[in-house]
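Working notes for the structure below.
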Amino acid sequence: PPFPKNPFFSPKLLFPPEQRMVLVACGPFTPSDGIAFEPLSDLLEVVARDHPDVCILFGPFLDAKHEQVESCQLLGSFSDVFRLCLRTIIEGTRSAGSQLILVPSLRDVSHDFVYPQPPFPFPDLPKEDKAVPTLEFCFSPPKMSSQ
């Protein structure tokens, strides 16, 4: 996909510029012995409990170095497993009202292995999730400001 003219991410923060609570987490979000996303579920419980203003999640979301990925032991395609991960994130953060920013990793198996990385493409994302005003996909490396 073509890169936009400005490869830097300029989030449209929906919160006042005073004090903000920002939660930042880095993947992988699966344990080394399975692809059940338990660590991600634990993180989403923290988001639901603490209601951060901004939640920035860095990949990998489905790690190319994971044993089950490397040996092709998944029950679905890479994109299907990633889509399930994304749905889990969206559903798990919806009630918190947090601005959600997803940043890809070079180890995301379902994304381009180029640098800088473009945002995740989601032409097949359900309409209700595309309409979530607090969901942003950005480049890696990201450049963010809290204007």
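Here are the numbers for the structure shown:
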item: Charge context of H66, other residues only, Cβ under 14 angstrom, K/R +1, D/E -1; result: -4
item: Sites S79 and V114 - FRET efficiency at Förster radius 22 Å, r taken between beta-carbons, to 0.05; result: 0.80
item: Viscosity 0.890 mPa s, temperature 25 °C, Stokes-Einstein D of the stretch 23-103 from Kirkwood C-alpha radius, µm²/s; result: 189 µm²/s
item: Nearest-10 value in Å² for the accessible area of L23, using the 1.4 Å probe; result: 30 Å²
item: Protein-only accessible surface order, largest first, of S140, S71, S32 at 1.4 Å; result: S32, S71, S140
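The values are calculated or read from the model by the stated rules, or taken from the named source; none is laboratory data. All figures in this text were calculated on a predicted structure; none of them were measured in a lab. Cβ atoms come from the backbone with ideal geometry, glycine included; neighbour counts cover every protein chain shown. To get the accessible areas, we keep the full protein, side chains included, count just its heavy atoms, and leave off ligands, DNA and RNA. Shrake-Rupley method; radii C 1.70, N 1.55, O 1.52, S 1.80 Å.
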